[in-house]
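Working notes, beginning with the structure itself.
The values are calculated or read from the model by the stated rules, or taken from the named source; none is laboratory data. Computed from a prediction, not measured in an experiment: that's the story for all the values here. Using ideal geometry, Cβ is built from the backbone for each residue, glycine included, and neighbour counts are taken over all protein chains shown. Accessible surface areas use protein heavy atoms only, side chains included; no ligands, DNA or RNA. Shrake-Rupley method; radii C 1.70, N 1.55, O 1.52, S 1.80 Å.
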Amino acid sequence: MSDAMPMSQARRYQQLRCHLSYLKLNDAAEALPHVLDQARAERMTLTTALMKLLEIEVEATEARKLSSRLRFACLPEPWTLNDFDFAAQPGVDEKLIRDLATLRFLDNASNVLLVGPPGVGKTMLAVALARSAVDAGHRVYFTTAAELAAKCHKAALEGRWSSIMRFFAGPRLLVIDELGCAPRGADGSRGMRGPPPVLAGTG
């Protein structure tokens with residue numbers, strides 16, 4: 001705070017910071033001096049100042065949750081749909097892709113299969129749609145078909161088949177890239193119990 005406060009007011013201020021910290025509202029506690037100074041300078045109402053303080057905490061919490069979801073998703077690139085050049089790929093139905101970006105297929109538990117020759121942007125579109133799901137608050141996991149097969153094969157040999165199935169069935173959206181390159185073995189036909197929607201690319 002920029003101006004000196006009476007002892008009782010200073011004590012209440014310290015108690016307020018302690019309460020915020022105790023409740024783990026650490027970003028709000030850190031922003032408290034600035035918000036109080038701003039409230040005084042702009043003659044905010046108590047409700048407005050409180051709302052501004054809580055908005056800071058909510059935004060910081062959402063940013064942390066987004067960062068956590070992105071780490072879990074393991075997306076290979078930070079691509080979004082804005083990065084995709086639809087004009088350079090006239091064979092891609094932009095209207096359909098934009099519709100997929102609404103994520104209605106998640107509500108319907110529908111699978112999406114991106115089919116085409118190498119180099120047409122299947123992986124980029126898959127990552128962009130996955131990023132849309134992450135931004136919307138969904139848990140997403142990205143893997144390649146080869147990595148998926150290798151992990152499942154290793155888990156089966158080690159007696160961890162149920163646990164690996166729970167892992168891959170956990171996200172709201174499972175993205176499997178390079179599906180056309182997946183090795184097919186004796187165990188390849190074994191499916192997941194209650195799998196999430198799959199966004200797969202094959203070429």
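Show which lysines lie in cross-link reach of Lys95 when reach means a straight Cα distance below 16 angstrom and same-chain residues fewer than eight apart are skipped.
Lys122
State in Å² the accessible area per residue of the chain; use a 1.4 Å probe, count heavy atoms of protein chains only, and round to the nearest integer.
Per-residue value: 62 Å².
Relative contact order for segment 13-69 using alpha-carbon pairs under 8 Å, separation at least 6, rounded to a whole percent?
Relative contact order comes out at 33 percent.
What angle do you read, to the nearest 10 degrees and between 0 and 90, between the alpha-carbon axis of helix 26-42 and the longest principal axis of the chain?
It works out to around 50 degrees.
What do you get for the angle between helix 7-22 and the principal long axis of the chain? Use alpha-carbon atoms, 0 to 90 degrees, nearest ten.
Rounded to the nearest ten degrees, it is 10.
Identify all aspartates and glutamates with a Cα-Cα distance to Lys52 below 19 Å; exclude those on the same chain that are fewer than 8 residues away in sequence.
Asp27, Glu30, Asp37, Glu42, Glu62
State the Kirkwood hydrodynamic radius of the chain in Å, one decimal place, computed from all pairs of distinct Cα atoms.
20.5
Just the number, please: percent antiparallel of the DSSP beta bridges in the chain, rounded to the nearest 5.
Of the beta bridges lying entirely in the chain, close to 0 percent run antiparallel.
Using a 1.4 angstrom probe on heavy atoms only, work out the carbon and sulfur share of the accessible area of segment 23-145 in %.
Accessible surface attributable to carbon and sulfur in segment 23-145 totals 56 percent.
Mind checking the dipole of the chain: about its Cα centre, +1 per Lys or Arg Cβ, -1 per Asp or Glu Cβ, Debye to the nearest 20?
840
Taking the Cα atoms of segment 25-77 alone, what are Rg (to one decimal) and Dmax (as a whole number) in Å?
Gyration radius and largest Cα-Cα distance of segment 25-77: 15.1, 48 Å.
Which angle from 0 to 90°, rounded to the nearest 10, does the C-alpha axis of helix 46-73 make with the longest principal axis of the chain?
The two axes meet at around 30 degrees.
Hey, if you put +1 on the Cβ of every Lys and Arg and -1 on every Asp and Glu Cβ in the chain, which of Gln89, Thr61, Val120 ends up farthest toward the positive end of that dipole?
Farthest towards the positive end: Thr61.
For segment 6-105, state which trypsin sites (Lys or Arg not before Pro) are in a DSSP loop and have at most 10 other beta carbons lying within 10 Å of their beta carbon.
Answer in residue order: Arg43.
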